[in-house]
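Structure, as structure tokens:
The values are calculated or read from the model by the stated rules, or taken from the named source; none is laboratory data. The structure displayed is predicted, hence computed values, not measured ones. Neighbour counts run over all protein chains shown; Cβ positions are idealised from the backbone, glycine included. When the accessible area is computed, the model is the full protein with side chains, heavy atoms only, and any ligands, DNA or RNA have been set aside. Shrake-Rupley method; radii C 1.70, N 1.55, O 1.52, S 1.80 Å.
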Amino acid sequence: MLHHNFLAALRQLWRNRLATALNLIGLVIGLGCFVFADGTASWISGRGAEALYKNIYILSEHMTAPGDNEPNNPSTSVLLAPPLRSELPADYRVARLLAPSEGESGVRAGSTKLFMQVYYADPELPRMFPLGATDALTPPHSVMLSAKAAGLLFGTKPAIGQTVSIGGVDATVTAIGKFPASISLFQVNGSDPAMLASWDIFEKLHPNLFITSNPTNWFNFFASTYVAAPAGSGETVAGLDARLDTFGARHVPKGNQQAHFSAAPGYAFLDTMADLGVRSDVTGLTAGTILDLLGTVILIIAVANYINLATAQVLARAREVRIRRILGATAGDLLRQHAIETCLIVAVACLVLAALAVVLLPAAEAQLGDILNLVLADRVFWLHLTTAVLATAVAAGIYPALLFASLPAAGAPRGRRSHSWLRSVLTSLQFASAATLLIFALVAHNENIVMRQVGEPAGVDPVVVIQSDPGTGMASFRDLLRTIPEVRSVSFAAYAPWGAGVSWDLLHKNVPGAPTVNTVINSVGDDYFTTMGIKLLAGRPLSLLRGGDQPPPEGGAIATQEINVVIDRDLATQFGWRNPADAIGQSIDAPDTGTLRVVGVTENRPTNMIVMGIHGNLYWSADNQAKITYVRLDGTHLASGLAAIDAAWNQAAPLAPLKRAFASDLFDAAYRVLSTVTSSISALVIPAFLVALAGLAGMAIEVTRSYLREIAIRKMLGATTWDAARLLLWQFARPLLIANLIAWPLAFAGAEGYLSLFTARVALTLWPFLWGLAGTLAIAGLTVAGETSRTARSSPAEVLRAE
Amino acid sequence: MITLSGLHKRYRTRELETTALNDVSLEVGKGEFVAVMGASGCGKSTLLNIVGMIDRPDAGSYQFDHIEVTSLTEGARARLRRERLGYIFQNFNLLEELTVFGNVELPLLYRQVPRDERRRKVREVLELVGLDGRAKHRPGQLSGGQQQRVAVARAVVTDPELILADEPTGNLDSANGEDVMQMLQTLHEQGATIIMVTHSPSHAARAGRIIAMRDGAVVPNNTLEVV
């Protein structure tokens, strides 16, 4: 019977090639989107990285006083590795990996000076991980460069054998390394390494950290220490824990605290991109979860599409079912027959996807490299995919199969139109999902425009941001900048714009019971607003030198005097001062800092992107040692201005590399991740519509066919072709209007949630919703136009003669 | 073999109720050849559907070989259909997507007969109806008469005790119709019980008994024994 059912399924799919094709398109797109979404979720959440860490363990060190219970911290003192190495079996490997806490390091190669992400590692590390050169760090003072870093330092010259200088220590380039993809041990600070330097260089730069008799050095958890057990050793976390049980007591100098060590799987503390700006600590959702949800939505649209088309097909097979029932088929036989048809088409969809994957694999590998390998190594990804395929087959097939099995042996089945409610509901759901994504994409596009206006304001002189520290000569360097003719203004701040250094605080008006407001705090120098082109709306700007506006006290102390601050219009509104002038002279209480007094109000010009639940900006004075220098250049003399800045730097700090960038470039870099996320979501609009349209096309054929006789009779009674067309178009328009009624509240909620992430928000008007409705109707109208036109123009005499 | 007592059947739509059978009672003995005649809409096909267990009466009793069919589940009725009944229809009701062989084989598949035995039986009955050379043809490639012979082959491949024929010659010319009637007669002589609905008095005369129906009821005293 299985063989018969399989052949019957093949025949059925071939006989109804159009419906089969539409279903295949829908399922391939749905499953494909799910694969893409879950693959991306797998990558950013680091699931597949486990494969990199087979037999590799990461050690934790924690210091406890008797009775304390401290959580694991996946880092250790730099002193751990040497004594541990001597205690473990000879075939075990132990290696340290360290990324300096100050971020990028100054690197020089000849006359080229750059800031680069430099990691330090023991020689064993390249033997534990697939970096492309197992002995690269064995020679003393050796470095392994990424291909990009080699190009930046040496151009087209071969890099191997060349000398680089790190913090004044010379080293030889021994290899061009292949560092694992993101979400691996190297993603410590969220950036890929440019250079892996041998451990002895770090020891030379920081000799004091390696004095073993100094207990403090055991308390500084700078390094990640990895242990690799040989394959087949049967080593486990518990086994390593047992080995480390008394290690602290035997090797660490005794003090008020005890050192304890423990092991965890190597992938246990990976720095993933799971949050990616969605504030999972607040929302409870990670970016991976959101991606999986979106992929599932597209798949559900595809399943709804299949149910729609398959149900229509079932009703057209009433005669076949009647014959089979008469010949002795039970409901179970018919259920099995139809289930095999569904399984067959889902299997074909999977084959089509697999074929596409094979065709696209070389290009994908070239673009994604190790990321693809990480995803393919992720068992959870395959589990999700298998579950999705099985769930698709069951969800898509169950209703049509039950309907098929329920068709009567005698009497007419309920007609096609009696299932029109289901068809309308399913079509509405499909288009509701697509319309929701379309409206969201329109809102995201408008928000992009607003953010670009904030990040790259037109008609404003460019601002250069210098993130290098010339050392003790910071004030004199800034004074030197002010002498450059092309420089219009110089200021400074604690953080670079559009970067990670955002802080916020809870404030409230200095009245009892006032509500708190969470806002961004900016420590800025004199002339900051002039330099950044931020317009003052009321009051005066801050000035440490001229106005005596003191910065808040350091070290967590509460100020004894009021601190003068400037706030932006957004924050003024939050405090109820709709007119900026009303804010001047008002007091704000900052519980951890003291009382703040508003001396000025500016326009809204945030320099941070995503700060969920936080409103506006507050500025207070920074002292001259704040690390980031801002320079506003004359836009008509850009090249000479930049050259003058470089010359001033070389004068102030001849050996240190200069790190400068345009503020608009920093915005682009920061926005790239977010715009990629919003582009990905917007890109899902296309497959969502394609699937929904495939279903609508199938529905168009069924609907027009079922109305053929009625239209013939209506025309006989005097209806025109346009009357017939309107009747048909209303059948299609009705589910689409319902779709938009469903989509609007969903899209509104999604858009509000999305916009709440941003510090500069576009106003959420009715227009994206109206455009979404118009777009849905227009696209759907084009799809059904052909069938509608053909049916509306049919000859009543021919139709009735055929009937 | 068949005992019908007080059968009632109504078809209801939102606006209309139609009585298809009104208190029909009759008996058909094992091995009988019974013809049912009457005007269009008198309930002949409804009666045949109920006897064939593909429809349920609204009221009344139907016993098939002392089994009360009205109380059986759909699964049990399907089992009875495939094991003991055969059907022949006016419009043949062959599945277009299957070959002649596939159509005749279908009832055996539902009975889960092993493959070799299935093939043997199908070849046997196709030879019986003279279509062994057309096994791989599809219904659309056959004439009306040939299609009906395929339908006959399908009806008898399971060796049914009861054969129901709903106007089996209705769509055939006289020559082909005669062929089909000849086959039915042969089956009857081999022991099958046959109930045939027909409009043709000459074909009805080939039966052992004629039952007349009018307005959903059996016309009393119009059951003629044909000698």
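How much of the DSSP beta bridge set in the protein assembly as shown is antiparallel, as a percent to the nearest 5? Please list the in-between numbers first.
Values: 85 of 123 bridges.
Just about 70 percent of them are antiparallel.
Could you give the distance between the Cα centres of segment A:655-675 and segment A:138-175, to the whole Å?
25
Given a 1.4 angstrom probe, what's the average accessible area per residue across chain A, in square angstrom? Before the final figure, lay out each step's value.
On the way: 35150 Å² over 803 residues.
Here the residues of chain A average 44 Å² of exposed surface.
Over the protein assembly as shown, with every protein chain in place, what whole percent of the accessible area is carbon and sulfur at 1.4 Å, could you tell me? Can you show the working numbers first?
Values: 25960 of 45350 Å².
C and S fraction of accessible area: 57 percent.
Taking the Cα centre as origin and putting +1 on Lys and Arg beta-carbons and -1 on Asp and Glu beta-carbons, what dipole magnitude results for the protein assembly as shown, to the nearest 20 debye?
Numbers: 84 positive and 88 negative charges, 639 e Å.
With Lys and Arg at +1 and Asp and Glu at -1, about 3060 debye.
Between B and A, buried accessible area summed over both sides at probe 1.4 Å, in Å² to the nearest 100? Mind showing how you got there, number by number?
Working: alone 11190 and 36200 Å², together 45350 Å².
Result for this pair: about 2000 Å² buried.
Report, in listed order, any pair from A:K113/A:K148; A:K113/A:K627; A:K627/A:K659; A:K113/A:K204; A:K113/A:K157; A:K148/A:K204 with a Cα-Cα distance greater than 23 Å. Walk me through the numbers before you get to the answer.
Working: A:K113/A:K148 15 Å; A:K113/A:K627 19 Å; A:K627/A:K659 12 Å; A:K113/A:K204 21 Å; A:K113/A:K157 16 Å; A:K148/A:K204 26 Å.
The answer is A:K148/A:K204.
If packing is taken as the mean number of other Cβ atoms within 10 Å per residue, what is the order of B:102-115, A:166-179, highest first? Show your work: numbers first, answer last.
Numbers: B:102-115: 20.0, A:166-179: 18.3.
Put in order of decreasing packing, that is B:102-115, A:166-179.
At a Förster distance of 51 Å, what's the computed FRET efficiency of B:K30 paired with A:L422, Cβ-Cβ distance as r, to 0.05?
Values: r = 47 Å, r/R0 = 0.93.
Once rounded, the FRET efficiency stands at 0.60.
Select from segment A:73-172 those GluC sites (Glu not before Pro) which occupy a DSSP coil region and have at most 14 other Cβ atoms within 10 Å, ordered by residue number.
Numbers: sites: A:E87, A:E102, A:E104, A:E124; in loops: A:E102, A:E104, A:E124.
Here the sparse-neighbourhood loop sites are A:E102.
What's the FRET efficiency of A:V450 with A:L356 using the Cβ-Cβ distance as r and R₀ = 30 Å, to the nearest 0.05? If you can, show how the numbers build up before the last one.
Working: r = 37 Å, r/R0 = 1.24.
Working from the Cβ atoms, E equals 0.20.
Given the peptides A:341-347, A:234-240, A:631-637, arrange them by the average over their residues of other C-beta atoms within 10 Å, most packed first. Walk me through the numbers on the way to the answer.
Numbers: A:341-347: 20.4, A:234-240: 13.9, A:631-637: 18.1.
For the peptides A:341-347, A:234-240, A:631-637, the packing ranking is A:341-347, A:631-637, A:234-240.
Based on the Cβ-Cβ distance from A:H637 to A:D479, what FRET efficiency comes out when R0 is 22 Å, to the nearest 0.05?
About 0.60, to the nearest 0.05.
Quick check for me: using +1 on Lys/Arg Cβ and -1 on Asp/Glu Cβ, what's the dipole size of segment A:323-396 about its Cα centre, in debye to the nearest 20?
Values: 4 positive and 5 negative charges, 90 e Å.
Charge dipole, segment A:323-396, about its Cα centre: 440 debye, nearest 20.
Could you tell me the relative contact order of chain A? Use alpha-carbon pairs under 8 Å, at least six residues apart, and round to a whole percent. List each step's numbers first, then the result.
Numbers: 1416 pairs, mean separation 130.2, N = 803.
Result for chain A is 16 percent.
Ranked from highest to lowest mean number of other Cβ atoms within 10 Å per residue, what is the order of the peptides B:135-143, A:772-780, B:12-20, A:7-15?
Numbers: B:135-143: 14.0, A:772-780: 18.8, B:12-20: 10.3, A:7-15: 16.2.
Top to bottom by mean Cβ count within 10 Å: A:772-780, A:7-15, B:135-143, B:12-20.
Stretched out fully, how many nm does the piece from A:S86 to A:V460 gain, at 0.36 nm a residue minus the Cα gap? Write down the numbers at each step before the final one.
Details: separation 374, 0.36 × 374 = 134.64 nm, distance 6.27 nm.
Additional length available on full extension: 128.4 nm.
Taking accessible area as the heavy-atom solvent-accessible surface of the protein chains with a 1.4 Å probe, which residues of segment B:53-75 lose no less than 20 Å² upon going from the isolated chain to the full protein assembly?
SASA drop of 20 Å² or more in segment B:53-75: B:I54, B:E74.
Divide by every residue of chain A the summed helix terms, -39500 (n - 2.57) for each DSSP H run of at least 4, and state the resulting mean residue ellipticity at 222 nm, rounded to the nearest 500 deg cm²/dmol.
Working: 28 runs with 400 residues, N = 803.
Calculated mean residue ellipticity at 222 nm is -16000 deg cm²/dmol.
What does the average come to when, for each residue of peptide B:105-113, you count the partner chain Cβ atoms lying within 10 Å of its Cβ?
4
Among the complete DSSP H segments of chain A, which ones combine at least 15 Å of alpha-carbon extent along their axis with a mean Kyte-Doolittle hydropathy of -1.0 or more? All intermediate terms of the calculation are to be shown ahead of the outcome.
Working: long enough: A:2-15 (19 Å, -0.12); A:17-44 (40 Å, 1.43); A:287-315 (42 Å, 1.68); A:331-368 (52 Å, 1.56); A:379-406 (40 Å, 1.41); A:420-455 (51 Å, 0.82); A:638-652 (21 Å, 0.69); A:663-683 (28 Å, 0.59); A:685-706 (31 Å, 1.58); A:721-755 (47 Å, 0.79); A:767-792 (34 Å, 0.73).
Helix filter hits for chain A: A:2-15, A:17-44, A:287-315, A:331-368, A:379-406, A:420-455, A:638-652, A:663-683, A:685-706, A:721-755, A:767-792.
Can you tell which of A:V685, A:S224, A:Q313 lies farthest toward the positive end of the dipole of chain A, using +1 and -1 charges on the Cβ of basic and acidic side chains (Lys, Arg; Asp, Glu)?
The residue sitting most towards the positive pole is A:Q313.
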